[in-house]
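Following: one structure in structure tokens, then a few remarks.
The values are calculated or read from the model by the stated rules, or taken from the named source; none is laboratory data. What you see is a predicted model; the values in this text were computed from it and never measured. No Cβ is skipped: glycine too gets one built from the backbone with ideal geometry, and neighbour counts run over all protein chains shown. Only protein heavy atoms, including side chains, enter the accessible area calculation; ligands, DNA and RNA are left aside. Shrake-Rupley method; radii C 1.70, N 1.55, O 1.52, S 1.80 Å.
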Amino acid sequence: MPFAPLRVYIADDSPPVAEMLTELIAIPGRNEVLGVGETEQAATQAIRSLRPDVVVLDLQLREGSGTNVIKAVRADHELAAVRLLVTSNHTSPQMRAGCLQLGADHYFDKVKELGALTACLARLADERQ
């Protein structure tokens, strides 16, 4: 019996970055990208309706912020299992600590830590097997 792929939602306001992340993350039969949202409202609604396993979340969205998405997801007990992986160009220790304190599971530098992001997704996919 085949295993269900890891279901990933991407929240990023930059179409080129979202496209790059989709190409990086999507692996047929292993990781499935369910969709992309550019705003806080679109991301929050999609997460509630799609119930992804993982959200790859930028902090700066077209409208609203990634931190508010973290708060909304963590405030909804039905979404407790959703893993929140923040990707950002803002890499100060304070920003990283703040996001983790709000309930993000991981925080990655969007420029320097994409390898760590894909390794994290691989571990999460392996846990489903």
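Of note:
- Evaluation of VAL69 against (1) in contact with a helix residue (DSSP H, G or I) (Cβ under 6 Å, 6 or more places away or on another chain); (2) free of Cβ contacts under 8 Å to residues at least 40 places away in the same chain (one fails), failing number: (2)
- Considered as a group, the residues in segment 1-32 that are among the charged types (D, E, K, R) and surrounded by 16 or more Cβ atoms within 10 Å (Cβ to Cβ) include one that is farthest from LEU85 (Cα to Cα), and that residue is ARG30.
- Hey, VAL73 outside any helix (DSSP H, G or I), within 23 Å of GLU127 (Cβ to Cβ), open to solvent by less than 60 Å² (accessible area, probe 1.4 Å) and of a type outside the set (Gly, Ala, Ser) or not: no
- Of the listed requirements (1) within 17 Å of PRO15 (Cβ to Cβ); (2) assigned to a strand (DSSP E or B), ALA43 misses just one: (2).
- Condition check for THR44: over 22 Å from PHE3 (Cα atoms) and modelled with pLDDT under 95: no
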